[in-house]
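The structure under discussion appears below in the form of structure tokens.
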Amino acid sequence: MQPCIFCRIVEGAIPTPFVYKDDEIVAFSDIQPQAPVHLLVVPRRHVGSLNEADDDMLLGRLLASARKAAAQAGLEQYRIVVNTGADAGQSVLHLHLHVLGGRVMAWPPG
Ligand code: 5GP
Ligand code: ZN
């Protein structure tokens with residue numbers, strides 16, 4: 001099995017600056033940003049997707065951390081996205097929230 005890229009980032013095997021971190025969660029910039037600010041908010045513990053998340057407290061903390069990371073990045077207006085499953089665009093099978101901001105967003109998303 002391929003090592004999970006976000007687990008490797010969390011453990012420091014791929015040097016990545018964290019814009020936010022606590023004992024459960026880290027946030028860092030997306031390598032292929034889709035907006036002027038594009039952060040990923042990731043639980044340190046491996047969880048495959050939102051469908052596999054069994055800890056509601058963690059889900060609440062992820063959302064609160066996304067807000068903190070957005071504020072840290074100077075965003076007051078932003079979009080949070082959680083792609084879940086291949087059809088929804090999930091490519092990394094480790095739960096993450098996208099925080100996108102710094103430009104006007106279109107709706108509906110593609
Ligand atoms: P998904 O498509 O699963 O919703 O989002 C995965 C995101 O992870 C993509 O936006 C992709 O650009 C980002 N990504 C993939 N590999 C890396 C990496 O090694 N470092 C960082 N910072 N982002 C990554
Ligand atoms: Zn992982």
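The values are calculated or read from the model by the stated rules, or taken from the named source; none is laboratory data. Since this is a predicted model, take the numbers as computed values, not measurements. Cβ placement follows ideal geometry from the backbone for every residue including glycine, while neighbour counts extend to all protein chains displayed. Surface areas here come from the heavy atoms of the whole protein model, side chains and all, with no ligands, DNA or RNA. Shrake-Rupley method; radii C 1.70, N 1.55, O 1.52, S 1.80 Å.
Only one of these conditions is not met by L40: (1) in a strand (DSSP E or B); (2) open to solvent by 40 Å² or more (accessible area, probe 1.4 Å); (3) not small (G, A, S). Which number is it?
Only one criterion in (1) in a strand (DSSP E or B); (2) open to solvent by 40 Å² or more (accessible area, probe 1.4 Å); (3) not small (G, A, S) is unmet by L40, namely (2).
Quick one: in the stretch 21-37, which of the residues that are within 8 Å of ligand 1 (Cβ to nearest atom) and under 17 Å from L95 (Cβ atoms) is least open to solvent (accessible area, probe 1.4 Å)?
Ranking the qualifying residues of the stretch 21-37, first place goes to F28.
Looking at F6, F18, which is the one that is aromatic (F, W, Y) and either away from ligand 2 (no atom under 16 Å from the Cβ) or more than 16 Å from S91 (Cα to Cα) (or both)?
Just a single option satisfies the conditions, and that option is F18.
When only residues in the stretch 74-110 that are of a type in the set (G, A, S) and open to solvent by 80 Å² or more (accessible area, probe 1.4 Å) count, which is farthest from H38 (Cα to Cα)?
Within the stretch 74-110, the match that is farthest from H38 (Cα to Cα) is A86.
To keep it simple, each residue is scored yes or no on (1) of a type in the set (G, A, S); (2) touching a helix residue (DSSP H, G or I) at 6+ places or on another chain (Cβ under 9 Å); (3) within 14 Å of A27 (Cα to Cα); (4) at pLDDT below 95.
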{"residue": "L39", "(1), (2), (3), (4)": "no, yes, yes, no"}
{"residue": "V47", "(1), (2), (3), (4)": "no, yes, no, no"}
{"residue": "M57", "(1), (2), (3), (4)": "no, no, no, no"}
{"residue": "S65", "(1), (2), (3), (4)": "yes, no, yes, no"}
{"residue": "L75", "(1), (2), (3), (4)": "no, yes, no, no"}
{"residue": "A86", "(1), (2), (3), (4)": "yes, no, no, no"}
{"residue": "L95", "(1), (2), (3), (4)": "no, yes, yes, no"}
{"residue": "V99", "(1), (2), (3), (4)": "no, yes, yes, no"}
